[in-house]
Amino acid sequence: MPYRPSHRQLEYLVAVAEHGHFGRAARACHVSQPTLSAQLKLLEDRLGVVLIDRGGSAVQPTPAGHALLPYARTVLETLDEFVREAQAADKGLGGLIRMGVAPTAGPYLLPGVIELLQEQVPGLQLYIREERPSLLETAVREGNVDCILTPLPVRESRLACEVICCERIYLGLPQRHPLAARPGLSVSDLEGERMLTLGRGHRLYDQVQALCAASGAVMSEDYEGTSLDALRQMVAIGMGLSLFPAAYVASEFARERQVVLRSPGDWPMQRHIVLAWREGSPRQAHFQRLAELARDGIAGSGLEGVSLAEA
């Protein structure tokens, strides 16, 4: 393997050329003069060429030294740029984050987060992939995404999590449904009611399933919504009842008149949203900082029914 000078040897060569004196060059490099002289001599011996003329009244580069100085300066400047880029990448959360988001959470929680990230981490590139939580966990485990924003529970044991927020869950009923006129509801009032939900792999599916088991409501077997919008439309035309997260309600229910939202008094419904990544990831500090910024961004959004309570 060919000999490769160290950056310190190149630094000493440039310093001697600029100062014309071994002692001043050593002080500028914060080393002793013998150390600087010995390293330059080692560099010359390894390269097989004399770089510094030590015989005259002034110390100066030989013709070979003059020819090699521009390369030495370029190498040192490149190393400096390398360090600056590394530091910038660290401050910028690594420069690039591929984030997976659950479709029932990401589109409604992220706008305030993205706005804050653009302000606080302007160099960050954020690539977002929407997918149901069960598939997101596989994607982050296999390295296809770096981290995920998803509701609990996270079933993949090799993921680390930080809670971002707690989100209230509402029961949506058709506006003409008899229960919609009641000022308060209990779980037992839902016995026999038809519940609509998203497909398996969504955490809302699990919550609807749990509510049905507790209340005696019937989970629809012939229809699974592909989105919260689809569920809302089905509820609006009287096809059944369903659950809607608070951030979605805040975003999409401002003009909704056909769906009434209720909260059964004896069945408090909520979910925790977490940022999760592979346990032991070397980028853990980036993801922890991202979690902090996500909390700040969501808090700044002022979404009703969304709090930063810890799990």
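The values are calculated or read from the model by the stated rules, or taken from the named source; none is laboratory data. Since we're looking at a predicted model, the values are computed, not measured. Reconstructed Cβ throughout: ideal geometry from the backbone, glycine too, with neighbour counts over all protein chains shown. Only protein heavy atoms, including side chains, enter the accessible area calculation; ligands, DNA and RNA are left aside. Shrake-Rupley method; radii C 1.70, N 1.55, O 1.52, S 1.80 Å.
For the stretch 262-284, how many residues meet the condition of being open to solvent by 50 Å² or more (accessible area, probe 1.4 Å) and closer than 22 Å to Glu137 by Cβ?
Number of matching residues: 7.
Within the stretch 119-131, which residues are out of contact with any helix residue (DSSP H, G or I) (no Cβ under 9 Å at 6 or more places or on another chain) and either among the acidic types (Asp, Glu) or at pLDDT 90 or above (or both)?
Once the filter is applied, which keeps residues that are out of contact with any helix residue (DSSP H, G or I) (no Cβ under 9 Å at 6 or more places or on another chain) and either among the acidic types (Asp, Glu) or at pLDDT 90 or above (or both), the stretch 119-131 yields Glu119, Tyr127.
Got at least one residue in the stretch 194-215 being free of Cβ contacts under 8 Å to residues at least 60 places away in the same chain and part of a loop (DSSP other than H, G, I, E, B)?
Within the stretch 194-215, not a single residue is free of Cβ contacts under 8 Å to residues at least 60 places away in the same chain and part of a loop (DSSP other than H, G, I, E, B).
Scan (1) at pLDDT below 90; (2) open to solvent by less than 20 Å² (accessible area, probe 1.4 Å) for the single condition Leu228 breaks and write down its number.
If we test Leu228 against (1) at pLDDT below 90; (2) open to solvent by less than 20 Å² (accessible area, probe 1.4 Å), just (1) comes out false.
Being in contact with a Pro (Cβ under 6 Å, 6 or more places away or on another chain), part of a helix (DSSP H, G or I) and surrounded by 15 or more Cβ atoms within 10 Å (Cβ to Cβ) narrows it down to one of Leu43, Leu13, Leu36, so name that one.
Leu43
So which residues in the stretch 94-127 are closer than 24 Å to Glu167 by Cα, of a type outside the set (A, V, I, L, M, F, W, C) and in a helix (DSSP H, G or I), if there are any at all?
Result: Gly106, Pro107, Tyr108, Pro111, Gly112, Glu115.
Any residue in the stretch 186-207 that is within 19 Å of Val274 (Cβ to Cβ) and open to solvent by 40 Å² or more (accessible area, probe 1.4 Å)?
yes
Considering only residues of the stretch 19-33 that are open to solvent by 60 Å² or more (accessible area, probe 1.4 Å) and touching a Lys or Arg at 6+ places or on another chain (Cβ under 9 Å), which is farthest from Leu51 (Cα to Cα)?
Step by step, filter the stretch 19-33, then rank; the result is Gln33.
In the stretch 236-245, is there at least one residue being more than 20 Å from Ser134 (Cα to Cα), part of a loop (DSSP other than H, G, I, E, B) and not aliphatic (A, V, I, L, M)?
Our first condition is that a residue be more than 20 Å from Ser134 (Cα to Cα); within the stretch 236-245, this holds for 236-242.
With the extra rule that they be part of a loop (DSSP other than H, G, I, E, B), the set shrinks to 237-240.
With the extra rule that they be not aliphatic (A, V, I, L, M), the set shrinks to 238, 240.
Within the stretch 236-245 (the criterion being more than 20 Å from Ser134 (Cα to Cα), part of a loop (DSSP other than H, G, I, E, B) and not aliphatic (A, V, I, L, M)), the answer is yes, since at least one residue qualifies.
Cys161 is checked against (1) open to solvent by less than 10 Å² (accessible area, probe 1.4 Å); (2) more than 16 Å from Gln270 (Cα to Cα) and fails just one. What number does that condition carry?
Of (1) open to solvent by less than 10 Å² (accessible area, probe 1.4 Å); (2) more than 16 Å from Gln270 (Cα to Cα), only one is false for Cys161: (1).
Of the residues Leu275, Leu241, which single one is modelled with pLDDT of 90 or more and touching a Ser or Thr at 6+ places or on another chain (Cβ under 9 Å)?
Leu275
In the stretch 133-143, how many residues are open to solvent by 80 Å² or more (accessible area, probe 1.4 Å) and either farther than 18 Å from Arg283 by Cβ or not in a helix (DSSP H, G or I) (or both)?
Applying the first criterion (open to solvent by 80 Å² or more (accessible area, probe 1.4 Å)) to the stretch 133-143 yields 135, 141-142.
Retained after the next criterion (residues that are either farther than 18 Å from Arg283 by Cβ or not in a helix (DSSP H, G or I) (or both)): 135, 142.
Of the residues in that region, 2 qualify.
So, Ala230, is that one more than 34 Å from the chain's Cα centre (by Cα), part of a helix (DSSP H, G or I) and either free of Cβ contacts under 8 Å to residues at least 24 places away in the same chain or more than 28 Å from Leu149 (Cβ to Cβ) (or both) or not?
Against the criterion (more than 34 Å from the chain's Cα centre (by Cα), part of a helix (DSSP H, G or I) and either free of Cβ contacts under 8 Å to residues at least 24 places away in the same chain or more than 28 Å from Leu149 (Cβ to Cβ) (or both)), Ala230 does not qualify.
Can you tell me which residue in the stretch 234-261 is surrounded by the most Cβ atoms within 10 Å (Cβ to Cβ), limited to those that are within 11 Å of Gly172 (Cα to Cα) and among the polar types (S, T, N, Q)?
Top of the filtered list is Ser242.
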